[in-house]
Amino acid sequence: MSEKPLTERIRPDGAPVTLSEYEQAGGYQAARKALGGMAPKEVMQAVKDSGLRGRGGAGFPTGVKWSFVPEGPHPKYLVVNGDEMEPGTFKDRLLLEGDPHLLIEGVILSSYAIGADVAYIFLRGEYLLAERRMKEAIAAAYARGYLGKHIFGSDYNLELYVHMSGGRYICGEETALLNALEGKRGNPRTKPPFPQISGLWGKPSIVNNVETLCNLPGILVKGADWFKGLSRTPNGGTKLFGVSGKVRNPGLWELPLGVSVREVIEECAGGMRDGVSLRGIIPGGASTDFLTEEHMDVALDYETVAQVGSRLGTGTMIVMDDKTCPVGMVRNLIQFFAVESCGWCTPCRDGLPWIEKTLGAIDTGKGQMSDLAMLDEHVKWLGPGMTFCALAPGAMAPLGSALKYYREDFERHIREQRCPWK
């Protein structure tokens, strides 16, 4: 049976792993090892050697990201991105609620590596159970001397806080998150300067995803080669993969990176429900391009998914069946993105509502064939490099790929002046 370092302690009854249970399973050994005899640069190098890539969606190499933090004056900050408002994504919640000390140990390790004095866990506003369990775990860690002054008898000090988001999708973008954490409106910042140089309150800061940091204790205890060996591809480690939609067993599983789409949907999720068949897959949350039945044997790792025209993203699939209207599904996603736009740049602020209006006309039988050309143009002009941040390009991923794979469905709506699924 393959190892599952992220979820092996998660309890079936849903109760959180306590501090004592976590320690009995080997918890905090990595933090003791790092603070007891490793220099921060050695911790950083171990993470670089492991090949760990960010699990929040972008997939940037974690150790490389850390290396951009300059040596020099303090304070420095670590911020944990637990906003998780991407439609279809629910992986971090499992770790926050089920094994909070795993994240805390990951926070200690990453903070030590970059020289952070203070760390914040930035949580989605609706994650009230995660907030309570994280705060309880943090209090227990402080009481044991694992946070605060002279952690594990070392000279290293770290303060850790939980911050609840005001509840907007844009706050998942790292610079908008930093603005929100400072009490400002959650708008993205101009880059450069990047947060590693000028982040929270203008100080060097790293923003990492919950799942990313939960990989660190295993890497520090068992080594880079062990971590690489968990994967079927050069991308090291396991990944939390989720499936939602009309499958028999929707859920979340820890699997090796490189597992195929087919294995996740058919073996883990139990295949499609009776009476429906698979027609499309959004592989990594709502801001990734559709894949189709022809991609069922594609390996789920960063490079392979990119080669077939999508992104691994968060690894949480939304499955579309043959009884679901692709026009209606994309319209629903665009409605979300339009509402969640911060309004900072014109293409996103004005373009997304116009796209939603156009899709609404097509969906209700009032569209024209010329609308499709207009949608094609918007996919181009709201795409990567055309807007202030990645929200609008992310919204264009499902739209552009739907126009590619399901164009006949759009045309049929217009020809018949109705939605064939209603």
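The values are calculated or read from the model by the stated rules, or taken from the named source; none is laboratory data. Just so we're clear, the structure is a prediction, and the values are computed from it rather than from any experiment. For neighbour counting, all protein chains shown are included, and Cβ atoms are generated from backbone atoms with ideal geometry for every residue, glycine included.
Okay, residues lined up against (1) closer than 20 Å to D83 by Cβ; (2) touching a helix residue (DSSP H, G or I) at 6+ places or on another chain (Cβ under 9 Å); (3) surrounded by fewer than 21 Cβ atoms within 10 Å (Cβ to Cβ):
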residue: T288; (1), (2), (3): yes, yes, no
residue: E293; (1), (2), (3): no, no, yes
residue: M296; (1), (2), (3): no, yes, yes
residue: G309; (1), (2), (3): no, yes, yes
residue: V319; (1), (2), (3): no, yes, no
residue: D322; (1), (2), (3): no, no, yes
residue: G328; (1), (2), (3): no, yes, yes
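So A46 fits all but one of (1) closer than 20 Å to P283 by Cβ; (2) in contact (Cβ under 8 Å) with a residue 24 or more places away in the chain; (3) among the hydrophobic types (A, V, I, L, M, F, W, C); what number is the exception?
Only one criterion in (1) closer than 20 Å to P283 by Cβ; (2) in contact (Cβ under 8 Å) with a residue 24 or more places away in the chain; (3) among the hydrophobic types (A, V, I, L, M, F, W, C) is unmet by A46, namely (1).
Based on this model, can you work out whether G56 counts as in contact with a strand residue (DSSP E or B) (Cβ under 9 Å, 6 or more places away or on another chain) and not aromatic (F, W, Y)?
Criteria met by G56.
Can you give me the ranges of the helices (runs of 4 or more DSSP H) entirely in the range 95-189 with at least 2 residues that are surrounded by fewer than 16 Cβ atoms within 10 Å (Cβ to Cβ) and not small (G, A, S)?
The helices (runs of 4 or more DSSP H) meeting that bar are 128-143.
Quickly run through the range 283-318 and pick out the residues that are more than 23 Å from E173 (Cβ to Cβ) and aliphatic (A, V, I, L, M).
Scanning the range 283-318 gives L291, M296, V298, A299, L300, V308.
Out of the residues in the range 213-234 meeting the condition of being in contact with a helix residue (DSSP H, G or I) (Cβ under 6 Å, 6 or more places away or on another chain) and of a type in the set (V, I, T), tell me which one is nearest to D297 (Cα to Cα).
I219
Within the range 301-319, count every residue that is closer than 21 Å to G237 by Cα and either without any contact (Cβ under 8 Å) to a residue 12 or more places away in the chain or in contact with a strand residue (DSSP E or B) (Cβ under 7 Å, 6 or more places away or on another chain) (or both).
11
Applying the selection to the range 264-280, what residues are touching a residue at least 12 places away in the same chain (Cβ under 8 Å) and part of a loop (DSSP other than H, G, I, E, B)?
If the condition is that a residue be touching a residue at least 12 places away in the same chain (Cβ under 8 Å) and part of a loop (DSSP other than H, G, I, E, B), then A269, G270, G271, R273, G275, V276, S277 are the ones that fit.
Please state which of the following conditions V339 fails to meet, knowing it meets all the rest: (1) over 21 Å from P283 (Cα atoms); (2) part of a loop (DSSP other than H, G, I, E, B).
Answer for V339: the failing condition is (2).
Filter the range 385-411 down to the residues that are part of a helix (DSSP H, G or I) and surrounded by fewer than 16 Cβ atoms within 10 Å (Cβ to Cβ) and list them by number.
Answer for the range 385-411, where residues must be part of a helix (DSSP H, G or I) and surrounded by fewer than 16 Cβ atoms within 10 Å (Cβ to Cβ): K404, R407, E408, E411.
If you check every pair at least six apart or on different chains, which have Cβ atoms under 8 Å apart with a residue in the range 9-37 that is over 25 Å from G251 (Cβ atoms) and in contact (Cβ under 8 Å) with a residue 24 or more places away in the chain first and a residue that is hydroxyl-bearing (S, T, Y) and assigned to a loop (DSSP other than H, G, I, E, B) second?
Going by the 8 Å Cβ cut-off, the qualifying pairs are Y28/Y146; A31/Y146; L35/S154; L35/Y156; G36/S154.
Being assigned to a helix (DSSP H, G or I), over 18 Å from D301 (Cβ atoms) and under 16 Å from the mean Cα position of the chain (by Cα) is the filter here, so list the residues in the range 66-92 that pass it.
Result: D92, single match.
In the range 330-347, how many are farther than 19 Å from G166 by Cβ and either surrounded by fewer than 18 Cβ atoms within 10 Å (Cβ to Cβ) or in contact with a Ser or Thr (Cβ under 8 Å, 6 or more places away or on another chain) (or both)?
Adding up the residues that qualify gives 5.
Only one of K203, K191 is at pLDDT 95 or above and among the basic types (K, R). Can you tell me which?
K203
Only one of these is of a type outside the set (D, E) and either more than 25 Å from A176 (Cα to Cα) or without any contact (Cβ under 8 Å) to a residue 60 or more places away in the chain (or both): A130, A116. Name it.
Result: A130 is the single residue among A130, A116 that is of a type outside the set (D, E) and either more than 25 Å from A176 (Cα to Cα) or without any contact (Cβ under 8 Å) to a residue 60 or more places away in the chain (or both).
Do we find that G343 is of a type in the set (G, A, S) and free of Cβ contacts under 8 Å to residues at least 24 places away in the same chain in this structure?
Spelling it out, G343 is indeed of a type in the set (G, A, S) and free of Cβ contacts under 8 Å to residues at least 24 places away in the same chain.
Results for (1) surrounded by fewer than 18 Cβ atoms within 10 Å (Cβ to Cβ); (2) of a type in the set (S, T, N, Q), shown as yes or no for each residue.
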position	(1), (2)
V243	no, no
P256	no, no
E266	yes, no
A269	no, no
S277	yes, yes
G280	no, no
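Quickly run through the range 304-343 and pick out the residues that are of a type in the set (S, T, N, Q), in the same structural domain as G285 (by TED's automatic domain parsing) and within 14 Å of P393 (Cα to Cα).
S310
What single numbered condition from (1) out of contact with any Leu (no Cβ under 8 Å at 6 or more places or on another chain); (2) at pLDDT below 95; (3) surrounded by fewer than 22 Cβ atoms within 10 Å (Cβ to Cβ) fails to hold for G88?
(3)
Check the range 253-264 and report whether any residue there is of a type in the set (D, E, K, R) and over 26 Å from E105 (Cβ atoms).
yes
Counting only residues that are at pLDDT 95 or above and surrounded by fewer than 19 Cβ atoms within 10 Å (Cβ to Cβ), which one in the range 12-24 is nearest to the chain's Cα centre (by Cα)?
The qualifying residue nearest to the chain's Cα centre (by Cα) is A15.
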